[in-house]
Amino acid sequence: MAFYILKRLLAIIPTLFGVAVLIFLLLRVVPGDVVEARYMGEGGQFQSQELMQLERKKLGLDQPLWKQFTTWMAGLARLDFGISMWTGAPITEEIKLRFALSLQLALMASTIATLLAIPLGILAAIKQDTWVDYAVRVFSIAGLAMPSFWLGILMILGMLIIFKWLPPMVFTPLWVNPWENLAQLIWPALAVGYRYSAVSTRMMRSAMLEVLREDYIRTARAKGLWLKLILSRHALKNAILPVLTIISLEFAFLLGGLVVTEQVFNLNGLGMLFVEGIARRDYTLTQALVMLVATFFLTVNFVVDIAYAWLDPRIRYR
Amino acid sequence: MAKLLQVNHLRTTFATSTGLVRAVDGVSWDVEEGETVALVGESGCGKSVSALSIMRLIAPPAGRIESGEIFFKGRDLLRLSDEEMREVRGSEIAMVFQEPMTSLNPVLTVGRQLTEGMEIHYRTQPAAARARALKLLEMVGISDPERRLPQYPHHFSGGMRQRIMIAMALACNPQLILADEPTTALDVTIQAQILELMRNLSRELGVAMLIITHNLGVVARYADRVNVMYAGRIIEQATAAELYANPRHPYTLGLLHSVPRLDEPRRARLDPIEGQPPDLTRLPPGCAFQPRCKYRVERCVEAPPLVPLDAAGHCAACWEAANIASASRVTA
């Protein structure tokens, strides 16, 4: 097991390097740079070329690509993301609060999705082809059909019209005022969590149905076990694996992918920062964000791999 | 001896897209205490469905026990509530399945699967259940049980897994074990070991057994009494010795002739039963075996009842049973 974990852990490094090369090149293939983005005058007029060259020199954009890359890599190796090309502030400072917000939102939304998906999926499977099954199906497909930002707008309007109340619109970190923080984040978390529960609910249902047809479930029933025990001990542990994959990949995606929902709820999360970074051609910031999200993704994947091995003993010995 | 299990006119049906299938069509048979009874027949003749009906594990909504009675120790299992039936399963009647490779849960340790039945039926404390599990593994011939208990099914070979299945079945001291083709999925050499093991254990512990098989060799060695099934019905009932010496139904005769025998000349031709097992959705009128039968007479379009042929309880469902008796003596 220890060897397995080490092997999976070491595989992360080359992947991250690949991501670094790719994002570095991709950003520079896009026309324009941060200097042009900043000094683009009204009506498309440029400032003087000299000024722009000076600016580029200050930011190190005049150096050859390989040099820029190695400088960046050297920084990364020291966990130093550098400074934002647009604001000039250290990137760690720029990201810190937004990362906290996005991580918390992703965690809350995933928790809600999981809490919806697993019980509903199991329920639909054991009540297959009854009204319960159909109700769950309608509920989850409705979730899939409604974009979460639209659901978010409906929520805000509903609260405003019915309760004459608006959730707080300014972000308060959890450690400053948990109550204020939750009052703001619970709504987007619900909207997003509901939407992302749909796929996992369907997956839970079909995986459960498949497992319930297995011979070992019949064996468990022949032993006279309670239905609850058959479901929780014998079926769930086998059926949960594909659901786990989906939930964790969604979770990793939610960290940086909630651009529109963040807009609706006036949240300054990583999604918004991403869009701004790209629009401003803020190479250093965008690169840092991509590396952050990629690391997060790989970490989640790693944890899922370990969880797989823990849940299914057959994997451990491969 | 008292009747432990008495099945009366059991009928189990399955709704399929091509119509209602009577997988088990009004069969009656019994098992006495400590006795080994065999249910023999081709694939799809209703043997396994009979066993699953006793356990009430027929999958709804397609499968349904339509009518009949299943008396176990005087109680009709078909009249028990679901909860009462759950208490019977595993503790009084246990089952060993055909596929040892898929019948054990791959993600739970063998120990877990051995002890959970005891913990549920008898509220056995974990330590005591573990001790019993070790004892059971030893009984079924698994060496080094201490090391084996925390292992998972994929660490065991097919034969070993079937031993574990047997240990699981014995865990709660049941009075009856239903063994559904317990050796079909195993190598021939292992088959004999498993059957010996089951016979010895059933004798030692006084457990009655129902062995479901298509293998007449198994029947001859291990069963006291035999029920031969064809197309959902029992067509012949006798003690194992009597059935071999004096088969009275053409189908039984056919089965016996299609088994190679060591006491015959080596190049003697096997005599297979012509034709295919019947399609249960389109059974011929009368005797279901008549299209394949060498002894067919005009009366076969009426279904023959299962009637006793002698005082010892040898029964056959064939109009020509009397003539077959002489025929089989000639060929045997």
Before anything else, pin down the relative contact order of the range A:1-94: Cα pairs under 8 Å, at least 6 apart, normalised by residue count, whole percent.
-> 15 percent
10 Å Cβ neighbours from other chains, averaged over peptide B:106-113 = 4
Have a look at the range A:227-242 and report residues whose accessible surface goes down by 20 Å² or more when the remaining protein chains are included, against the chain on its own, probe 1.4 Å, ligands and DNA/RNA excluded.
-> A:R233, A:H234, A:K237, A:N238
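Could you provide, to the nearest whole Å², the per residue accessible area of the range A:92-244 with probe 1.4 Å?
Spelled out: the 1.4 Å probe surface of the range A:92-244, per residue, equals 49 Å².
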Excluding ligands and nucleic acids, what accessible area in Å² is computed for A:M146 using a 1.4 Å probe, to the nearest 10?
-> 50 Å²
Could you pull out every one of the lysines with an alpha carbon less than 16 Å from that of A:K96, ignoring same-chain neighbours closer than 8 positions?
-> none
Could you size up the charge dipole of the protein assembly as shown around its Cα centre, putting +1 on the beta carbon of Lys and Arg and -1 on that of Asp and Glu, and report it in debye to the nearest 20?
-> 520 debye
Compare the Cα positions of B:P284, B:S103, B:H155 along the charge dipole of chain B (+1 at Cβ of Lys, Arg; -1 at Cβ of Asp, Glu; about the Cα centre) and return the one farthest towards the positive end.
-> B:H155
Run the numbers on chain A and let me know its relative contact order in percent, using alpha-carbon pairs under 8 Å that are six or more apart.
-> 26 percent
Once phi is turned into ³J(HN,Hα) by the Karplus curve 6.51 cos²θ - 1.76 cosθ + 1.60 with θ = phi - 60°, what whole-Hz value does each residue of the range A:97-112 show in order, with x for glycine and proline?
-> 5, 5, 5, 4, 5, 5, 5, 5, 5, 4, 5, 5, 5, 5, 4, 4
Mind listing the long-range amide H neighbours of B:E66? Cut-off is under 5 Å, sequence gap 5 or more, other chains count too, H placed in the peptide plane at 1.01 Å from N.
-> B:R11, B:T12, B:T13
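For chain A, what is the mean residue ellipticity at 222 nm derived from helices alone (per DSSP H run of n ≥ 4: -39500 (n - 2.57); sum divided by total residues; nearest 500 deg cm²/dmol)?
On the way: 15 runs with 237 residues, N = 318.
Mean residue ellipticity at 222 nm (helix-derived): -24500 deg cm²/dmol.
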Kindly write out, for the range A:142-147 in residue order, the coupling ³J(HN,Hα) from the Karplus curve 6.51 cos²θ - 1.76 cosθ + 1.60 (θ = phi - 60°), rounded to whole Hz, with x marking Gly and Pro.
-> 4, x, 5, 7, 8, x
With all protein chains present, calculate the accessible area of A:S200 using a 1.4 Å probe and round the result to the nearest 10 Å².
-> 0 Å²
³J(HN,Hα) across the range A:55-68 via Karplus (A = 6.51, B = -1.76, C = 1.60, θ = phi - 60°), whole Hz, x for Gly/Pro?
-> 4, 4, 5, 4, 8, x, 7, 7, 7, x, 4, 4, 5, 4
Using distinct alpha-carbon pairs, which all enter the 1/r mean, Kirkwood radius of chain B in Å = 21.0 Å
What full-extension length gain, to one decimal in nm, is calculated for A:D215 and A:D129 as 0.36 nm per residue of separation minus the Cα-Cα distance?
-> 28.8 nm
In terms of modelled amide H atoms, which long-range or inter-chain residues lie less than 5 Å from the amide H of B:I235?
-> B:V228, B:M229, B:Y230
Any chance you could give the angle, 0 to 90 degrees and rounded to 10, that helix A:270-279 forms with the longest Cα principal axis of chain A?
-> 40 degrees
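For the range A:92-244, count all C-alpha to C-alpha pairs, find those more than 29 Å apart, and express that count as a whole percent of the total. If you can, show how the numbers build up before the last one.
Values: 3940 of 11628 pairs.
Roughly 34 percent, rounded to a whole number.
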By DSSP, what percent of the beta bridges with both residues in the protein assembly as shown are antiparallel, rounded to the nearest 5?
-> 65 percent
Accessible area (Å², 1.4 Å probe, nearest 10) - A:F24 | 10 Å²
Note the buried accessible area between B and A here, summed over both chains, with a 1.4 Å probe, in Å² to the nearest 100.
-> 2300 Å²
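Under a 1.4 Å probe, what is the accessible area of chain B per residue, stated in Å²?
Working: 15080 Å² over 332 residues.
I get 45 Å² per residue for this part.
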Could you give log10 I(q)/I(0) at q = 0.08, 0.11, 0.12, 0.15 Å⁻¹ for chain A, computed by the Debye formula over C-alpha point scatterers of equal weight, without solvent?
-> -0.50, -0.86, -0.97, -1.24
In whole percent, how big is the carbon plus sulfur part of the accessible area of chain B, probe 1.4 Å, protein atoms only?
-> 52 percent
With Cα coordinates, the longest principal axis of chain A makes an angle with the long axis of helix A:283-311, in degrees rounded to 10, of 20 degrees
Cross-link partners of A:K223 among lysines (Cα-Cα below 16 Å; sequence separation of 8 or more within a chain) = none
Taking r as the C-beta separation of B:R261 and B:V301 and R0 as 41 Å, the FRET efficiency to the nearest 0.05 is 0.75
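For the range A:92-244, give the percent of accessible area contributed by carbon and sulfur heavy atoms, probe 1.4 Å, rounded to a whole number.
72 percent
The values are calculated or read from the model by the stated rules, or taken from the named source; none is laboratory data. Computed from a predicted structure; not experimentally measured. For neighbour counting, all protein chains shown are included, and Cβ atoms are generated from backbone atoms with ideal geometry for every residue, glycine included. Each accessible area value is taken on the protein alone, full model and side chains, heavy atoms only, with ligands, DNA and RNA left out. Shrake-Rupley method; radii C 1.70, N 1.55, O 1.52, S 1.80 Å.
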